[in-house]
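Structure record follows, encoded as structure tokens.
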Amino acid sequence: MPSHNYFTSSIGKKQITAITGLGLVGFTAAHLAGNLLILVGADAFNAYGHGLISNPLIYVAEAILLAMFVTHIVMAALVTIQNTAARGKRYYIKNRSGHGETIASMTMPYTGIIMLVFIILHLINFKYGAHYETTVDGVVMRDLFKLVVEYFSNPLYVAWYVFAMIALGLHVGHGLQSSLQTWGLNHPSYTPKVKMISVAYGVLVAIGYSGLAVYCYFLN
Amino acid sequence: MSNVEQMLTLNLKIWRQDDRNDKGRFVDYKLEEVSTDSSFLEMIDMLNDELVKEGKDPVSFDHDCREGICGSCAMMVNGQAHGPNALTTTCQLHMRSFSDGDTIVIEPWRSRAFPVLKDLRTDRSAFDKIIAAGGFISVNTGNAQDANNLPVNKENADRAMDAASCIGCGACVAACPNASAMLFTAAKMSQLALLPQGEVEAAERASNMVREMDELGFGNCTNHAECEAACPKGIDLRNIAHMNREFLKSKVSGK
Ligand code: HEM
Ligand code: FES
């Protein structure tokens, strides 16, 4: 048996998955808030993007984000592999109680993998995608708005994007409240509310990102 | 379902396995004249009487108290631990919960940490090992004291009592999609950690019990709450949150 410490223990791995997951939840909120500038207009959105990448702190932020992603995925994968092994032989029939598992909780590893694929494509398409230029208030900067609108002119791209955002909504809808429980926060009167907020947040994120994609489609 | 006694004819699909190494298989049985007033275990007794008369091997299953307190009567009934009713063990389940002509599928608990011994019987000594790793109090508490010397607040007393109602039946492991033993372990930890005598060793206890639980090959909780729904004693997930805190504290304090 390898030594048992916080990082190899069941609860330790869960808590690390949860804390990095919460960090990523924070990122999804911040990213969505930034994307909403698309509604304001091309210049506002481009200037915001330019402001972000011109700030040297962006490298620190990106490094932290990458570390959170990698840690989250590695820990979640270890937990999932152990969980599959722990069952052994499957049941011939297994009926859910109706008050436990949800679609979101059951599909955590799958929605996670969908997001992983999404994130890789997303980075290739946008961060490392075509470099158009524009000028806002005399400053030359990358025209991300043009690139975004261009991608979303394709209805298939919009459909895949919406699909991935539903996966994200499901994942964080279970994940948000789950991570608080994993960190030991459970209270008879607050926890039911936290669960509602968690689901509401998942719905909001899914609708927010998808809505913007559909909006961009109609800009074409 | 009605309160008037009726006789049922049932199709049973029961897991039969000779020993640990046998691959096992489902065998179908037809059982007639089962009273709706009989308990589920009495129904299996009836089947076994017939099997014995026919010179066949009876279905092996664990049972002892037959009143919901010993935790022996482990079996999955139609894909649910201890059958369809909430807050009941299999021995407390009555045949009036079923209808004439029903097919009932009966399987053992499935978990790598609970190997099948024979038919529906599993080896659940893994739970004993978790207890042996720290589910006790070893500090010297001296002579019996005056009751009011050790004040315990009402909430902790109630929560400890609720946690202590765990009968160690294993339904939580059986129902959990990850075959996690966290509800059991948490209940056995909370019932002690919430009280002054048990609090003293809370950190070592958390560390040792979780280590044992992990090494026995149980899964990790992913907060589905199927365990809570399956628990015949209504032990709730708050215990797992408590365990998660106790474990973190134990590691922060270097235990
Ligand atoms: C935007 C990206 C992501 C966010 C915001 C996020 C958020 C979360 C949160 C908050 C949890 C809950 C932890 C807990 O239950 O205690 C979680 C769990 C999990 N995540 Fe993610 N995650 C993301 C990406 C991923 C990716 C890319 C994968 C997999 C490839 C993944 C796989 C998992 C798995 C398997 C779990 C454990 C399931 C569980 O504990 O119920 N996640 N995630
Ligand atoms: S036989 Fe004791 S709990 Fe069912």
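Some points to look at:
- Residue-level check: of (1) more than 14 Å from every other protein chain (Cβ to nearest Cβ); (2) modelled with pLDDT of 95 or more, A:Asn220 misses just (2).
- Members of region A:184-204 found to be in a loop (DSSP other than H, G, I, E, B) and crowded, with 18+ Cβ neighbours inside 10 Å, listed by number: A:Gly184, A:Asn186
- Scan of region B:12-44 for residues that are within 14 Å of another protein chain (Cβ to nearest Cβ) and assigned to a strand (DSSP E or B), ordered by number: B:Leu12, B:Lys13, B:Ile14, B:Trp15, B:Arg16, B:Arg25, B:Phe26, B:Val27, B:Asp28
- Residue that is of a type in the set (Gly, Ala, Ser), surrounded by fewer than 24 Cβ atoms within 10 Å (Cβ to Cβ) and modelled with pLDDT of 95 or more, where the choices are B:Ser190, B:Ser250: B:Ser250
Let's see how each residue does on (1) in contact with a helix residue (DSSP H, G or I) (Cβ under 8 Å, 6 or more places away or on another chain); (2) within 16 Å of ligand 2 (Cβ to nearest atom); (3) not basic (Lys, Arg):
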{"residue": "B:Val27", "(1), (2), (3)": "no, no, yes"}
{"residue": "B:Ile44", "(1), (2), (3)": "no, yes, yes"}
{"residue": "B:Gly68", "(1), (2), (3)": "yes, yes, yes"}
{"residue": "B:Gly71", "(1), (2), (3)": "no, yes, yes"}
{"residue": "B:Met76", "(1), (2), (3)": "yes, yes, yes"}
{"residue": "B:Thr103", "(1), (2), (3)": "no, no, yes"}
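- The single residue among B:Leu41, B:Leu12 that is more than 16 Å from ligand 1 (Cβ to nearest atom) and under 30 Å from B:Ser165 (Cβ atoms) turns out to be B:Leu41.
- Candidate set: region A:75-131, residues that are at the interface with chain B (Cβ under 7 Å from one of its Cβ atoms) and small (Gly, Ala, Ser); chosen: the one surrounded by the fewest Cβ atoms within 10 Å (Cβ to Cβ): A:Ala85
- Selected residue (criterion: nearest to B:Glu42 (Cα to Cα)) from residues of region B:67-81 that are away from chain A (no Cβ under 14 Å) and within 10 Å of the chain's Cα centre (by Cα): B:Cys73
- Within region A:151-177, considering residues that are in a helix (DSSP H, G or I) and in contact with a Cys (Cβ under 9 Å, 6 or more places away or on another chain), the one farthest from ligand 2 (Cβ to nearest atom): A:Tyr151
- Tally, over region B:171-205, of residues that are in contact (Cβ under 8 Å) with a residue 60 or more places away in the chain and either outside any loop (DSSP other than H, G, I, E, B) or away from chain A (no Cβ under 13 Å) (or both): 12
- Residue check, B:Ala160 touching an Asp or Glu at 6+ places or on another chain (Cβ under 9 Å), away from ligand 2 (no atom under 16 Å from the Cβ) and modelled with pLDDT of 95 or more: no
- 3 or more residues away from ligand 2 (no atom under 16 Å from the Cβ), buried (at least 18 other Cβ atoms within 10 Å of the Cβ) and at pLDDT 95 or above: qualifying helices (runs of 4 or more DSSP H) within region A:1-59: A:10-35, A:42-54
- B:Gly219 more than 11 Å from A:Gln181 (Cβ to Cβ) and either touching a helix residue (DSSP H, G or I) at 6+ places or on another chain (Cβ under 6 Å) or outside the structural domain of B:Leu183 (by TED's automatic domain parsing) (or both): yes
- The set of residues in region B:86-114 that are away from every other protein chain (no Cβ under 11 Å), closer than 14 Å to B:Ala171 by Cα and not in a helix (DSSP H, G or I) comprises B:Leu87, B:Thr88, B:Thr89.
- Residue match in region B:197-216 (condition: within 16 Å of the chain's Cα centre (by Cα), closer than 30 Å to A:Ala104 by Cβ and crowded, with 19+ Cβ neighbours inside 10 Å): yes
- In the condition set (1) away from chain A (no Cβ under 14 Å); (2) within 30 Å of B:Lys30 (Cβ to Cβ), B:Leu120 is compliant with all but (1).
The values are calculated or read from the model by the stated rules, or taken from the named source; none is laboratory data. Bear in mind the structure is a predicted one, so any value in this text is a computation, not a measurement. Neighbour counts are summed over all protein chains in view; Cβ atoms, including those assigned to glycine, are modelled from backbone coordinates with ideal geometry.
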